[in-house]
Amino acid sequence: MKCPNCRQDNDRVIDSRSCDDGFGIRRRRECQHCQKRFTTYERVERPTIKVIKRDGTREIFDRNKLKSGLEIACRKRPVSEEQIEKILTAVQNEIENSIDTEIETQYLGELLMEQLFLLDQIAFVRFASVYHQFSDAQDFVTVLNMLTKKK
């Protein structure tokens, strides 16, 4: 590994630690030439997942898109950033551990709704209204009836 300071490739590892919930390693290194210390990361290469949209187009899975959708659904709700990240990680792990490298938006939406249902039912209804493209009040009534039956 080349030193970012002097560009020499003579370094030694001072410390190694697990990171990213065990999917990566953080290494602290010291250059033998200039004695500067620097950090490197080694991570598992994850497969490229493509999302098949409703219109049939495909795009690369974007965790940030999911995050913004969840943040909107959870706005002004007692849901922490940590809880949103936990949902995102669970969903991302689920799709990356599947055999397919392409998933449909319907499957992705169902995974998110399962997680939201357990976390906050108001956020669940908000997300469902956008995901299922509610067009009138009856759509909300249907989902609310489903929620009361599941209790």
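Using the number of other C-beta atoms within 10 angstrom as an exposure proxy, rank Leu118, Leu112 with the fewest first.
Working: Leu118 10, Leu112 22.
Going from sparsest to densest Cβ surroundings: Leu118, Leu112.
GNM on the chain, alpha-carbon springs under 10 angstrom: the most fluctuating residue among Cys74, Cys34, Cys19 is Cys34. Dividing the convex hull volume of the alpha-carbon atoms in the chain by its residue count gives 162 Å³ per residue.
Paramagnetic label reach from Asp15 (point 7 Å along Cα→Cβ; backbone nitrogen cut-off under 11 Å): within segment 23-43, residues 27-29.
Looking at segment 21-150, send over the antiparallel percent of its DSSP beta bridges, to the nearest 5. About 75 percent, rounded to the nearest 5. For segment 1-102, GluC sites (Glu not before Pro) meeting the loop criterion (DSSP other than H, G, I, E, B) and having at most 15 other Cβ atoms within 10 Å: Glu45. Segment Thr57..Val141, full-extension length gain: 27.1 nm, with 0.36 nm per residue of separation and the alpha-carbon distance subtracted.
Can you compute the charge dipole magnitude of segment 38-151 about its Cα centre, using +1 on each Lys and Arg Cβ and -1 on each Asp and Glu Cβ, nothing else charged? Give it in debye, rounded to the nearest 20. Mind dumping the intermediate values first?
Working: 17 positive and 19 negative charges, 85 e Å.
Around 420 debye, computed over segment 38-151.
Counted by neighbouring Cβ atoms within 10 Å, the residues Arg27, Arg77, Arg7 run from fewest to most as Arg7, Arg77, Arg27. For segment 7-151, compute the number of Lys pairs whose alpha carbons are separated by less than 16 Å, excluding pairs fewer than 8 positions apart on the same chain. Total qualifying Lys-Lys pairs in segment 7-151 comes to 5.
How far, in nm, would the chain grow between Phe134 and Lys50 when pulled straight, counting 0.36 nm per residue and subtracting the alpha carbon separation?
Numbers: separation 84, 0.36 × 84 = 30.24 nm, distance 2.59 nm.
Gain on extension, Phe134 to Lys50, equals 27.7 nm.
Ranking Thr40, Ser98, Asn64 by how far each Cα lies toward the positive end of the dipole of the chain (charges on Cβ) leaves Thr40 at the top. Taking Ile14, Ile87, Ile103 in turn, the Gaussian network model of the chain (Cα-Cα springs below 10 Å) assigns the largest fluctuation to Ile14.
Quick note: the coordinates plus some simple rules give every number you see, no bench work behind them. Everything numeric here is computed off the predicted structure, so don't read it as measured data. In this analysis, Cβ positions are derived from the backbone assuming ideal geometry, glycine residues included, and neighbour counts consider all displayed protein chains.
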